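Please treat every number below as a calculation from the coordinates, not as lab data. Owing to the predicted nature of the structure, the values given are computational and were not obtained by experimental measurement. Positions of Cβ are generated from backbone atoms using ideal geometry, with glycine treated the same way; all protein chains shown enter the neighbour counts.
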Amino acid sequence: MTLKQTDPEVYEIIEAEKQRRREGLEMIPSENHTSPAVLEALGSILTDKYSEGYPGKRYYGGNEFIDKVENLAIERAKKAFLVPYANVQAYSGTPANTAVYLAACEVGNMIMGQSLPDGGHLSHGANATFSARFYKSQPYHVKSDGYIDFDEVWRLAREHKPKLIWVGASAYARQFPFAEMAEVADEIGAWLAADIAHIAGLVVAGVHPSPAPHAHIITTTTHKTLRGPRGAIVMATQKGLEKDPDLGKKIDKAVFPGGVQGGPHNHQTAAIAVALKEAMTPEFKEYAAQITKNAKVLAAGLMERGVKIVSGGTDNHLMLIDLTPYGNGLGIFLEEALDMAGITANKNTVPQDPSSPFYPSGLRLGTPCITTRGMKEKEMTEIAAWIARVVDLIKDYQLPEDKGERKSYLRNFRKEVAVSETLKKIKEEVIELSKKFPIPAIH
Ligand SMILES: Cc1ncc(COP(=O)(O)O)c(C=O)c1O
């Protein structure tokens, strides 16, 4: 029996999501559209199998073929990222980063990562998470120009002597300074962990420099620019193994049984293997180069139309619109208005954001999904013009200072933009463009 026959409710929801994507532009930089081959592996019977442990050392029988697929994923990860050791079992990016703490730190150690409001990830020491509860967290920041503040990094590192430093972030549009960060970590004897979740596809394709010569540990998600299933990889570099020859074993033990997970998701492992094979093709190299070209054209198109971009552009797949010239906390207005026009993006803090994380003053945009659909520079210019028109539409709204007034103000905003002729017109144009660029796995 098919899904449609056994569970029409779930079937209809999936069909509705397909339709939303067909007629819209996904511009959240941490997302991508996976290939039919990745989805086929992900939807396979490998999901049924229990295989706690690692290839050749399992706690369950019947793992002959699971071992093969996991070994294949490991070998491909080592080849793609040029590292001697890889673990492909972490369920996702946050559990992967948890494993790094368990492998490299003791509870109570000092750790340092890029501040959350400045683009860092929650798991790099943000207050709301385990990483600040179990470890002492000292964040570093970006300067008002959007680049990492190295004077501060050096000062904090020498003062606090962290055991572990993170380089990598979720909303940083510039090249990550792996070599400079390694100088800091090496001087104080800290572990340097590069979290390349966002840029992994660009790194494999050689479009962004690799952290492999500089960091001891590398983590990545597999579902962003790498274009695989949701999942993660934790790697030890040659430099990491020289610092501690047991680092690989420590990572394995931290992921299982030491971490926050049990049996590996074998269907996910198979799909990661498929994605890694795809990522090492010449076509993917071209794809990754186009992601960055598209992002640069999009950012330039926005700036030409008067929209402020943090750091004045981008080196990778994402950019941050800074709405503070018009007021504080306008990110939600732009996110919702773009949504109505069929453009999906996410509100985001900007460096030194005068507002709050729930009502941030910026918006994050990325090109991985629309580049997967085959869009190029010409389409980026068109999209930049639409987004600039939506910025123009929302810029005179002002988030009330009084928190009690915000709900009703936003309700009124939604009512007004719902009938906007500008948004209606843009939505029609977005649908027309979207239909010309089908998503590979959506028929
Ligand atoms: C830099 C970085 N690391 C880790 C993660 C966590 O990944 P996940 O959402 O799979 O836990 C993210 C997610 O956006 C990220 O941007």
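Would you kindly give the portion of the calculated P(r) for the chain that falls above 39 Å, as a percent of all Cα pairs? Before the final figure, lay out the partial values.
Values: 21264 of 97903 pairs.
So the portion of pairs separated by more than 39 Å is 22 percent.
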Please work out, to two decimal places, the log10 of the ratio I(q)/I(0) at q = 0.25 Å⁻¹ from a Debye calculation in which every Cα of region 94-139 carries one identical scatterer.
-> -0.83
When Ser115, Ser44 are ordered from fewest to most other Cβ atoms inside 10 Å of their Cβ, what list results?
-> Ser44, Ser115
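Placing +1 at every Lys and Arg Cβ and -1 at every Asp and Glu Cβ, with all other atoms neutral, what dipole size does region 39-279 have around its Cα centre, in debye to the nearest 20?
Working: 24 positive and 24 negative charges, 73 e Å.
I would put it at about 340 debye.
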Net length gained if the chain between Lys285 and Ile442 were fully extended (0.36 nm per residue, minus Cα distance) = 54.2 nm
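Quick one: putting +1 on the C-beta of Lys and Arg, -1 on the C-beta of Asp and Glu, what dipole do you get for the chain around its Cα centre, in Debye to the nearest 20? Numbers along the way, then the final one.
Values: 52 positive and 54 negative charges, 74 e Å.
That gives the chain a dipole magnitude of about 360 debye.
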Where a Cα-Cα gap under 22 Å defines reach, which lysines qualify for Lys347, not counting those fewer than 8 residues away within the same chain?
-> Lys143, Lys224, Lys296, Lys308, Lys395, Lys403, Lys407, Lys415, Lys424, Lys427
Please identify, among Ala16, Ala103, Ala384, the residue showing maximal mean-square fluctuation in a Gaussian network model of the chain using a 10 angstrom Cα cutoff.
-> Ala16
Residues whose placed amide H lies under 5 Å from that of Ala194, excluding near-sequence neighbours = Val167, His216, Ile217, Ile218, Thr219
Amide H neighbours of Leu164 under 5 Å, at least 5 residues apart or on other chains, H built in the peptide plane: list them.
-> Met112, Trp191
Exposed GluC sites (Glu not before Pro) absent: longest stretch of the chain, with sites in DSSP loops and at most 11 other Cβ within 10 Å deemed exposed | 107-400
For Asp339 and Glu23, calculate 0.36 nm times their separation in residues minus their Cα-Cα distance, and state this gained length in nm to one decimal.
-> 112.6 nm
Taking H placed 1.01 Å from N in the peptide plane, check which residues at least 5 places from Ile343 or on another chain put their amide H under 5 Å from its amide H.
-> Leu25
Set the Förster radius R0 to 41 Å, insert the Cβ-Cβ distance between His160 and Lys249 as r into 1/(1 + (r/R0)^6), and round the FRET efficiency to 0.05.
-> 0.90
Please find, in a Gaussian network model of the chain (springs between Cα atoms separated by less than 10 Å), the residue of Asp151, Asp315, Asp402 whose mean-square fluctuation is greatest.
-> Asp402
Quick shape check on region 1-74: root eigenvalues a ≥ b ≥ c of the Cα gyration tensor, a/c under 1.5 is rounded, otherwise prolate if a/b tops b/c, else oblate, and it reads oblate
Relative contact order for region 39-279: what is it in percent, counting Cα pairs under 8 Å that are at least 6 residues apart?
-> 29 percent
Along each principal axis, Cα extent of region 1-157, largest first, Å = 62, 47, 31
Could you run the Karplus curve 6.51 cos²θ - 1.76 cosθ + 1.60 with θ = phi - 60° over region 54-66 and give me ³J(HN,Hα) per residue in whole Hz, x for Gly and Pro?
-> 10, x, x, 9, 9, 9, 9, x, x, 9, 3, 7, 5
Kirkwood hydrodynamic radius (C-alpha pairs) into Stokes-Einstein, region 49-92, 37 °C and 0.692 mPa s, D in µm²/s = 297 µm²/s
With x for Gly and Pro, the residue-by-residue ³J(HN,Hα) of region 285-302, computed from phi through the Karplus equation 6.51 cos²θ - 1.76 cosθ + 1.60 at θ = phi - 60° and given in whole Hz, is 4, 5, 4, 5, 5, 5, 3, 6, 4, 4, 5, 5, 5, 4, 4, 5, x, 5
Across region 338-351, in residue order, what do the Karplus-derived ³J(HN,Hα) couplings come to in whole Hz, using 6.51 cos²θ - 1.76 cosθ + 1.60 with θ = phi - 60° and x for Gly and Pro?
-> 5, 4, 5, 8, x, 10, 9, 9, 9, 4, 8, 5, 10, x
